[in-house]
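Beneath this line is the structure, given in structure tokens, with notes to follow.
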Amino acid sequence: MNYDPNLTETVLLATLSVHALLTVELFRALFAQNLKLIVIKIFSVLRFLCLGLTGLAFYVRAETFLPILWGVSVIGIFVLLGSLVYVLRTNRSSVAIWYTLSWGFTFAGLLAEVAFVSGMTSKLSGIFNAQVGAVASALLTAIALAERFRMEKTRRLAAQTQAVSALRQYRDNYNTLPIGIFALDEFGAFTGYNPAFSEMLGLPAFSASSERLTWSTLFGRESLDDLEISLRGARVSDLEIFRPGSNGEGQWYLVRASHKAVGIEGSFQDVTARKRAEDRFKHLADHDPLTDLLNIRGLSSAVNKAIDRVEDGAQCSLAFVDLDRFKLVNDLFGHFAGDQVLIQIAQRLRNRFASPHVLGRMGGDEFVMVLNDCSPAAAKAECEQLLREIVDQPYHVGDKAFAVTCSIGLAEFHAGMLERDALAACDRACAEAKSHGGSAVVVYAANDAAMVEQLDEIRLISLMRQQLPVERLFIVMQPIVSLSAPYANLNYEVLLRMRDADGSVILPGRFIAAAERNGLMADIDRWVLNTVLEWLEQHPEHRDRVNFAAINLSGASLNDERFLQDAMAAIRRYPRSAARVCFEITESVALYDLKNTRRFVDRVRSFGSMVALDDFGAGYTSFNYLKELPADLVKIDGSFIRLLDTQPANYAITRAILDLSHQIGMSVVAEWVESAEVLDALIGLGVDYGQGFLLARPLSSEALVPARNSGSLVQDEAAITLLNTHRPPVFQRPNVLGRSQDVVRRHP
């Protein structure tokens, strides 16, 4: 066989490049996980260089190939040494140490060869040279590889042990979890479930050989459809399902499921207790906890449903039951006894009003019944029967028996009625029943005047609550005539009026009473006071002719600190006009808080204003308090004046009030002067002022501006004759003719 030196050279060159490639790959295999990403990329470049050198060895000569190989080798050696130093610093593993020693022996053998070639030694050592170093290096590299294989094996065994432990733990959890775990195939058949699942549903333990069990068998086909629908487009879905039980109650379960490669897997939890608690909370949200009747929230829904039924032509009514003086039961025998009585009353309501009627408790001792499909006559008969059952049969709590009475208001629903209108109507009917002494039934039918009035009041109050409709309010003035000197001064009372949306005038008794019941009088009194003061300020010539202009104040305003502050601010803003104002305070208000009333009287009189006690004698009059309250006028209630000429008692009371008032320095005004006989008697008694339709009806402010005195406004001929022919009594006060100078002196 012929020897080819070129082939031998090529094989040697290729062997060198392959050795370099294997060195790079071995280092990468041993320490890739310890190197940074940039270093791994450098090793990838070295790999491609070594591969290129291997291919190049077949095309170039040794003199060309070796310089390139040594250049690449030098770069590779520096990269390997640098990486090795980094590995030793960061991770001193046994593999790194053995590999470092292999490189050390390699370099030691090379150094021995270099020393021999350079003449540093006379002959090559037989003990340690390049060949010995290469063998030692190969041996140490093999040890490093073995150590790496051993570490990998140890790591794999540890991972296997950990996996087995995790599998065992999962199996234990699967078998001991209180939450059910299940798996279904694509047809809805169970492919497995844990003991908790079988215990919840009373199933035998799962076995592959068991009879095929499906989801539809346990929960129905619809439940499986719901489960599949809930998983459409969702990775995980929660679904609550109900399984009827033999006891009629059944169980609720929460299913959390997810799609797998084939079928469905999920968890299964019994949430019956939670669902029952939620149902209980929902029940309590609409029911009274003591009587289990509907509360205000639940009644609201029932009332609105009844109104809807009325819209469809049904007949429905609303009854309001208020126990009379029930507070005495709680005060005398304790709240426990009171609660037991309320529970018994609720039971009597159930016995009397079954479905479709709806019962509720508004709170305290008030109950409401929505009577569906019941004519007004039938509703009234049922309420009267209920009244007898409540009143006639005593209530037993322990060894005690209680007698309870009640008042019932019944209002008929009609189309277009609002919930608040219905409740307010039956509440007012109940209040009317109470005002009759209790133990009565008062009915408001849909077309009754009382119902119409109530609804109008509700509409009016709703309007006034949103914003005081000042554009509808206006004032008129009724002259107050001096009976001794009618042409000497100008006096009048300011009266409030209100226009309805159609322009008609609403009677004061309607909107003022409604405002008092709903806490709006302070706003109205504030508007009246500011309006009168501004009007007087705008008409100074008229103001200077006025002796006094009377303005009524409600008791609510006198007890409203904000109103009092606003009133004082208005008086300070218009001092000359305020000096012509006379504030009228009813006797009952003055007596309710005498100290507070006295403080108000002193403050307004310090600004020159007058004070009158209105409706004197209508309440529980105590003459003693007159001396405690420095008023300027006393207005005798019209109930005494109207029949003064025919009722001796009225005459005597009027004379007593008159004499006492004059003795303590107060002038007297008689209201409701409506006949010449009454006027003649008043003049004879010596009453200072008269007010009534006989003397003058209320006038507009425009008609009053040119008047120079009150007498000129009297139109009745009989009244004019009496005023002109009667002489003033000898005990007539000298200062009733005017107060302009006196006011100026008292004004600060």
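At-a-glance table
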| quantity | calculated |
| --- | --- |
| Accessible surface ranking that places the most exposed of Asp500, Asp399 first, with a 1.4 angstrom probe | Asp399, Asp500 |
| Fully extended contour minus Cα-Cα distance, from Glu389 to Asp602, at 0.36 nm per residue | 71.0 nm |
| In Å², nearest 10: area of Trp252 left accessible to a 1.4 Å probe | 80 Å² |
| Other-chain or far-sequence residues with amide H under 5 Å of Gln251's (modelled H) | Arg243, Gly245 |
| Mean Cβ neighbour count within 10 Å, used as a protection proxy, ranking 20-26, 712-718 highest first | 20-26, 712-718 |
| Among Leu685, Leu695, Ser712 the positive-end extreme of the charge dipole of the stretch 676-718 (Cβ point charges) | Ser712 |
| Whole-angstrom gap from the stretch 186-200 to the stretch 633-658, using each part's C-alpha centre | 97 Å |
| Leu88 accessible area, 1.4 Å probe, all protein chains in place, Å² to nearest 10 | 50 Å² |
| Packing-based order for 36-47, 404-415, using average beta carbon neighbours within 10 Å, highest first | 404-415, 36-47 |
| Gap separating the Cα centres of the stretch 262-279 and the stretch 38-82, nearest whole Å | 67 Å |
| Test item: Cα-centred dipole of the stretch 504-581, Lys/Arg +1 and Asp/Glu -1 on Cβ, debye | 120 debye |
| Accessible area (Å², 1.4 Å probe, nearest 10) - Asp645 | 70 Å² |
| Whole-percent carbon and sulfur share, accessible surface of the stretch 228-322, 1.4 Å | 49 percent |
| For the stretch 405-444, with +1 on Lys and Arg beta carbons and -1 on Asp and Glu, the positive-most of Ala411, Ala433, Tyr444 along the dipole | Ala433 |
| Val611 long-range amide H proximity, modeled H, under 5 Å | Phe583, Asp632, Leu633 |
| Under Karplus coefficients 6.51, -1.76 and 1.60, residue-wise ³J(HN,Hα) of the stretch 313-325 in Hz, glycine/proline x | x, 7, 10, 9, 9, 10, 10, 10, 10, 10, 6, 7, 6 |
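The values are calculated or read from the model by the stated rules, or taken from the named source; none is laboratory data. Predicted, not measured: the structure shown is a model, and the values here were computed from it. Methodologically, a virtual Cβ is constructed for each residue, glycine included, from the backbone with ideal geometry; neighbour enumeration extends over all protein chains shown. Areas reflect the complete protein model, heavy atoms only, side chains present, ligands, DNA and RNA absent. Shrake-Rupley method; radii C 1.70, N 1.55, O 1.52, S 1.80 Å.
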